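Asker: Supplied in structure tokens, the structure appears directly below.
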Amino acid sequence: LMAKNKNRIGSLSKKLKGANSKISGLEEMIANLQAQMDAKDGEIAELKSALEAKNIELSNIQMNLETVEAESAGKTEKMNTVYSAMGPSKELKEKNVITKEGGFIGLGKSTKVKEDFNKEYFTKADASTTASININAKKAKILTSHPSSSYKLVSTDKMVERIEITNTEDFWSTSKYLVIVTE
């Protein structure tokens, strides 16, 4: 019985040694996995930090883009803003838009736009959307300088109905102001 117990004790000791080596192997593997998890946690923290920095950068870029778009819209509006004034010679003269110069003893005077004309009398418009301007007068004369190839006066037997702008860019290239004397 003692010999049998010694063999059993020897066998259990071998198994215990094998189990201890397996336990130490498992402990070593757990330590390695823990080290890998710590390393991955560090990488995740770095990636989160980098992502936050990129989000801040993206936010700044977006704000800059909105600012540039707003400035661009403002400049586009300013570039496309044009002004027109229309009326009888007497009215335009009273409103300090035109003047009559030259001539001799009241004869031969020419009507011109004043150099320091009253800008408040003019009607504001958008050149990119203004294709025609209604006149509806017996006669109409354009005093400001605009290329004749860039517009046409649409009229009937009795009246000038409107001015049609055929080439917007050319029409407004020489002046952002349009003065039409009507009768």
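The values are calculated or read from the model by the stated rules, or taken from the named source; none is laboratory data. All values derive from a computational prediction rather than experimental measurement. Note that we place each Cβ from the backbone using ideal geometry, even for glycine, and neighbour counts take in every protein chain shown. Heavy atoms of the whole protein, side chains included, go into the accessibility calculation; ligands, DNA and RNA do not. Shrake-Rupley method; radii C 1.70, N 1.55, O 1.52, S 1.80 Å.
Asker: Treating only the Cβ of Lys, Arg, Asp and Glu as charged (+1, +1, -1, -1), what charge dipole size does the chain show about its Cα centre? Round to the nearest 20 debye.
Answerer: 860
Asker: Can you tell me the accessible area per residue over the chain, all protein chains present, probe 1.4 angstrom, in square angstrom?
Answerer: Here the per-residue accessible area is 76 Å².
Asker: Whose amide H sits under 5 Å from the amide H of T144, counting only residues 5 or more places off or on another chain, with H placed in the peptide plane?
Answerer: V179
Asker: Got a sec to turn the phi values of the range 70-79 into Karplus ³J(HN,Hα) couplings, 6.51 cos²θ - 1.76 cosθ + 1.60 with θ = phi - 60°, whole Hz, x for Gly and Pro?
Answerer: Here the 3J(HN,Hα) series is 5, 4, 4, 4, x, 5, 5, 4, 5, 5 Hz.
Asker: Can I ask one more? To the nearest 0.05, what FRET efficiency results for T166 and T67 with a Förster distance of 41 Å applied to their C-beta separation?
Answerer: 0.65
Asker: Same structure, new question: Pick out, from L33, T81, N118, the residue whose Cα sits farthest towards the positive end of the charge dipole of the chain, with +1 on the Cβ of Lys and Arg and -1 on the Cβ of Asp and Glu.
Answerer: Farthest towards the positive pole: L33.
Asker: While we're on this one: I need the phi-derived Karplus couplings for the range 169-183: 6.51 cos²θ - 1.76 cosθ + 1.60, θ = phi - 60°, integer Hz, Gly and Pro marked x.
Answerer: These are the phi-based 3J(HN,Hα) values: 4, 5, 4, 8, 5, 8, 7, 8, 10, 10, 10, 10, 9, 10, 10 Hz.
Asker: Using θ = phi - 60° and the Karplus curve 6.51 cos²θ - 1.76 cosθ + 1.60, what whole-Hz ³J(HN,Hα) does each residue of the range 25-36 get, with Gly and Pro shown as x?
Answerer: Once θ is set to phi - 60°, the couplings for the range 25-36 become x, 5, 5, 5, 5, 4, 5, 5, 4, 4, 5, 5 Hz.
Asker: When a/c is below 1.5 the answer is rounded, else prolate if a/b is larger than b/c, else oblate, so apply that to the range 115-183 with a ≥ b ≥ c taken from the square roots of the Cα gyration tensor eigenvalues.
Answerer: Here the range 115-183 falls in the oblate category.
Asker: For S149 and K78 in one chain, what is 0.36 nm times their gap in residues minus the Cα-Cα distance, to one decimal in nm?
Answerer: Length gained, S149 through K78: 23.1 nm.
Asker: Give the long-range amide H neighbours of I135: residues separated by 5 or more places, or on another chain, with amide H under 5 Å away, using H modelled in the peptide plane at 1.01 Å from N.
Answerer: Long-range HN contacts for I135: R162, I163.
Asker: What does the C-alpha gyration tensor say about the overall shape of the range 1-102? Classify as rounded when a/c is under 1.5, otherwise prolate if a/b is larger than b/c, or oblate.
Answerer: Taking the square roots of the gyration eigenvalues as a ≥ b ≥ c, the range 1-102 is prolate.
Asker: Assign one of three labels to the chain, namely rounded, prolate or oblate, based on the Cα gyration tensor with a ≥ b ≥ c the square roots of its eigenvalues; rounded applies when a/c is under 1.5, prolate when it is not and a/b is larger than b/c, and oblate otherwise.
Answerer: Prolate.
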